[in-house]
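The values are calculated or read from the model by the stated rules, or taken from the named source; none is laboratory data. Everything numeric here is computed off the predicted structure, so don't read it as measured data. FYI the Cβ positions are ideal-geometry reconstructions off the backbone, even for glycines, and counts take in every protein chain you see.
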């Protein structure tokens, strides 16, 4: 089956209405069992041409995403990246934490006029970010959302690679925190880290069939420590020329 190529149709509609700062927003990291959820917001110049190869980040290899991310950064008018921590995910639930990460990404753009967001309608989102349009499968259909998906995925993958150096053996540098066989085996051998999402495991009570003892559901990451770590990792991404630029 052919891979869908996103278009600029949604952006052109808004540009034709006189809007200039149209932001595409997407998130990465809803399903993994550990680590922050990350969102990116990208504003492209009105009348821009698509970067060849940009599409939904899930359809790209790591090498393709790493090649495209700096090109997106160079072409973008503004990029912002935000994250919601494991502590926030466990406190708010992943649905609300994801929208928190999106709002944080949008806030780093330095101003916007309209938001194009992947997914379903979000209750109360317009009151918080202003006018927006939701597009189901937007990362596959809408160019600026696809750009955001690539940036968010690269940033989160780099975050998980850095965390894997702190907690070796879980394979986060290649499984990004998903419940893969090697990740489950590491949990059985080493237990949970402070960066595992306790709420996910507590709700499921199992991880792909592996019974988890209830005494592992304590000792989550202190919010202050995790927040500082996320800030450090986002600062690293900024130094690498990927995020938090505004124009």
For the range 52-161, list the strands (runs of 3 or more DSSP E) that sit wholly inside it and hold at least 1 residues that are without any contact (Cβ under 8 Å) to a residue 40 or more places away in the chain; which are they? 132-135
I'm told residue 119 meets every condition in (1) at pLDDT 95 or above; (2) closer than 18 Å to residue 144 by Cβ; (3) surrounded by 15 or more Cβ atoms within 10 Å (Cβ to Cβ) except one. Can you identify the failing condition by its number? (1)
Is there a residue in the range 167-175 that is farther than 30 Å from residue 73 by Cα, at pLDDT 65 or above and touching a helix residue (DSSP H, G or I) at 6+ places or on another chain (Cβ under 6 Å)? yes
